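The values are calculated or read from the model by the stated rules, or taken from the named source; none is laboratory data. Keep in mind the model is a prediction, meaning the values are calculated, not measured. Cβ coordinates were reconstructed from backbone atoms using ideal geometry, including for glycine residues, and neighbour counts include every protein chain displayed. Areas reflect the complete protein model, heavy atoms only, side chains present, ligands, DNA and RNA absent. Shrake-Rupley method; radii C 1.70, N 1.55, O 1.52, S 1.80 Å.
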Amino acid sequence: MSNAKAQPKSVLWDWLTTVDHKKIGIMYMVAGLFFFALGGLEAILMRIQLMFPEFSFLGYQTYNEVLTMHGTTMIFLAAMPLLFGFMNFIVPLQIGARDVAFPFLNSLGFWLFLFGGLLLNVSWFTGGAPDAAWTAYVPLSSDSPGHGVDYYVLGLQVSGAGTLIGGINFLVTIINMRAPGMSMMRMPLFTWSTFVTSMLILFAFPALTIGLLLLMLDRIFGGAFFDVAAGGNVVIWQHLFWIFGHPEVYILILPAFGMFSEIIATFAKKRLFGYSAMVFATLIIGFLGFMVWAHHMFTVGMGPVANAIFAVATMAIAVPTGIKIFNWLLTLWGGRIKFTVANLFALAFIPSFTMGGVTGVMLATSAANYQFHDTYFVVAHFHYVIIGGVVFGIFAGMFYWWPKMFGYRLDETLGKIFFWLFLIGFHLTFFVQHFLGLMGMPRRVASFLDGQGLNEMNLISTIGAFMMGVAFIILVITLIVSRKNTDNVDDPWDGRTLEWATPSPVPEYNFAQTPLVRELDALWHEKYEGDGKMKAAEPLDDIHMPNGSILPIFISLGLTVASFGLIYSTHVITVIGLLITFGAMFVRSIKEDHGYHIPVSEIKRGKGER
Amino acid sequence: MATNEAVDQHTLPPNPEKATLEGRNKYLGFWFFLGGETVLFASLFGTYLGLRNSTAGGPGGADLFHLDLVFIMTMILLTSSLTSVFAIINMRRNNYKGLLMWMWATVLLGLTFLGFEVYEFYEYYHQGLGFTTSAFASSFYTLVGTHGAHVTFGVLWIITLLVRYRKTGLTLTNAPKFYTAVLYWHFIDVVWVFIFTVVYLLGIGG
């Protein structure tokens, strides 16, 4: 039956067909970094336009497109994929699993994300990118001429389907595939946050799916959902968007919280303070994340009762978040702290994120919100939490897990230059924007007038943005020049969790024998109570592996083709695209594929190389 | 990993759909998927409830809906859930022929339902309710149409399974596949019960 060995494959074909969660994780990382650079470039273009009053660097239309694509790219195509990269690579290792629950679907999720992201960016070359901001409020978006918003609607739809699939995969993996002894309350915090994040994805993304569907039906098929003359209601878009959009910010920040928990515990050489409190705080944040979407709509006119309820619910999130902040501080307290780049980002995160949290409570005060609404104060707030939280988390995670993922350590000296430049640039850019906002500078507007006291702070903000740009270039250089640091990559930080029990690079079957977990911080426990190696929970035996498949690319490609058909209302092409997709799904479902086995002899050879 | 071997009467475990790790993964993953689908339909129901009186001078629910037609449709779909339950009971008894037969009955009832739905939409269209007529029309066709699309997908899915596995007998590979297809089918039925209440009963009476 399925004892056939894996066929030898060319490198390219191997990557295109892989269902290995580690390779998929790396592909998420690479694609995420590419889109991160793109979104950063768009940010710099915007900051150049706003460097001087009434500057004419970008036209207004181009500014709107760059603004829209910056937000959309950074949220959907950079931050989430980078986090997904870590989740894919690290979570199965952390729970001692050989694989994820659905390797094929995992690959499908990646390719859907990539094709959706590329589709969005094709719009630049076909007459204009979407221009209605990442929130795409109707009627701005429903009336936007050209095809830009159509690309937004379909690109996000394709990409969002991939995210949903990824979320379900993580949920089932974490519930069903944990190693013996790895109870829920022994799971590392990063795995916990991935779990809660996946729950949020599962319940938030379908609302976006419907929002995008309705917008598509209005724009392409003449629907009347948002057409007030035909009885439509524009506020429906805002509700659907934010029922998705608010949990989305927790989808971004919770994995970062998880990473900081791992990194701070490792570099303080202490068990995480208040582990169970951290778990419950994560769950509570996840729950409350769904209850507060309307705080984005205080000025819509929902009435004082609704505003008050959503204001109080929003402020309540500060409580579990505060618990987490104090737990991190108490983990550091009395620890033997090592100031590696990963830890520097984790340490810088605490005050930076707290500042963003404080302005969050200010914004949640619905009466005051009438003043802050749609000004740079809001821009400053969410960049403080998203960069000071998520992006710092991604950078910390990169420096922390890079040796495991890529088999070499990132250079610490260059990393520190990158860290300081980025940190200073970040605060320079966004701190002043609080004051710009309080002085009344509106967001989303392509220019500002001279003589209103806004000139100097805008210039400072732009200088800070350039510093972050330079810092990113240094990061890219670091990624390249560090390739020679291949010594001591299995467990360079004296790690506590299971991923550090594997060799780097990790063999495709992860663990030759499924490890037996005896304590929280499983590896640390074995280092101090055992012989430093994980105990095996099973005898050495052949390992069953899934076969790779090219079908995920075809399924994603079909949807992309169908999207072009919809965008240009050429429904023959839509049908062809859907036939490709459903055809590939059909092939997948009728072809029995039982994978292959890696024989014991080969596993033993793999262990000997170590 | 003996997942593809046909299981004879004596070795068949009591819950073949959950006997392997792959089966358990499918089973759990599918429940999560249905959780997501619930939000999907909840969003459509919310939209419909917000727009159901926005007929913009066009025909509204009370002008169009016929309770007898919708009642027949409801009965057909609920019966199809019953036949799929019989299919699973037969699966548990390792009566593969019975499983296939009751699944075909489910498919036939699903197709009948779809036929009624096409007729229904055709009727409404000729009574002046186009998709673009009003916000009510758009939200009605989108909600009920999304349900119809799910029924269509479910029918195609079950037919694929029936054709693919017509001769293999019950295995630990196809047991979870039939089981999840039936779960999906029940979900579609539950959504229809909500549509029957929220769209039709409320449309005629409220």
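Numbers for the structure displayed
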read-out	value
Accessible area, probe 1.4 Å, largest first, for residues B:153, A:125	A:125, B:153
Mean-position separation - Cα centroids, the stretch A:221-264 and the stretch A:507-521, in angstrom	38
Accessible-area ranking of A:65, A:529, A:412, largest first, probe 1.4 Å	A:529, A:412, A:65
Inter-centroid distance (Cα atoms) of the stretch A:320-355 relative to the stretch A:143-162, Å	39
Ranked packing of A:279-289, A:339-349, most packed first, by mean Cβ within 10 Å	A:339-349, A:279-289
Number of partner chain Cβ atoms within 10 Å, mean per residue of A:212-219	3
DSSP H segments from chain A that extend 30 Å or more along their own axis, Cα-based, with Kyte-Doolittle mean of 1.0 or above	A:21-49, A:148-176, A:189-221, A:235-268, A:341-364, A:412-438, A:455-481
Where labels lie 7 Å past Cα in the beta-carbon direction, separation of residue A:34 and residue A:455 in nm	4.3
Förster radius 30 Å - calculated FRET efficiency between residue B:197 and residue A:312, Cβ distance, rounded to 0.05	0.35
Added length on full extension, which subtracts the Cα-Cα distance from 0.36 nm per residue, residue A:291 to residue A:477	62.7 nm
Apportionment of accessible area to carbon and sulfur, the stretch A:208-310, percent (1.4 Å)	73
Tilt relative to chain B, helix B:21-51 - C-alpha long axis, 0 to 90 degrees, to 10	0
Accessible area that becomes buried as B packs against A, both chains, 1.4 Å probe, Å², nearest 100	3000
For the protein assembly as shown, with +1 on Lys and Arg beta carbons and -1 on Asp and Glu, the positive-most of A:280, A:361, A:97 along the dipole	A:97
Accessible surface, the protein assembly as shown, averaged per residue in Å² (probe 1.4 Å)	38
Tilt relative to chain B, helix B:174-195 - C-alpha long axis, 0 to 90 degrees, to 10	20
Calculated FRET efficiency for the pair residue A:221/residue A:490, C-beta based, R₀ 51 Å, to 0.05	0.35
The stretch B:66-200 - percent of accessible surface contributed by carbon and sulfur, probe 1.4 Å	73
For the stretch A:537-593 versus the stretch B:102-168, the gap between their alpha-carbon centres in whole angstrom	24
Among A:416-427, A:480-491, the order from most to least packed when residues are scored by Cβ within 10 Å on average	A:416-427, A:480-491
Averaged over B:36-47, number of beta-carbon atoms from partner chains that fall within 10 Å	6
Set A:604/B:177; A:270/B:26; A:269/A:416; A:404/B:18 screened for pairs whose C-alpha atoms are more than 30 Å apart	A:604/B:177; A:270/B:26; A:404/B:18
At least 20 Å² accessible surface lost relative to isolated chain, residues of the stretch A:99-118 (1.4 Å probe)	A:102
Whether the protein assembly as shown is rounded, prolate or oblate, judged on the alpha carbon gyration tensor where a/c under 1.5 counts as rounded	oblate
Rounded accessible area of residue B:186 (nearest 10 Å², 1.4 Å probe)	50
Sequence-separation-based contact order of the stretch B:66-200, relative, with Cα cut under 8 Å and 6+ spacing, percent	33
Crossing angle, helix B:96-126 versus chain B [Cα axis fit, 0-90 degrees, rounded to tens]	10
Peptide-level mean, for B:137-150, of C-beta atoms on other protein chains within 10 Å	3
Accessible-area ranking of A:601, A:159, largest first, probe 1.4 Å	A:601, A:159
Relative packing of peptides A:66-79, A:35-48 - highest average C-beta neighbours within 10 Å first	A:66-79, A:35-48
Simple label model, 7 Å out from Cα along Cβ direction - residue B:68 to residue A:601, nm	7.7
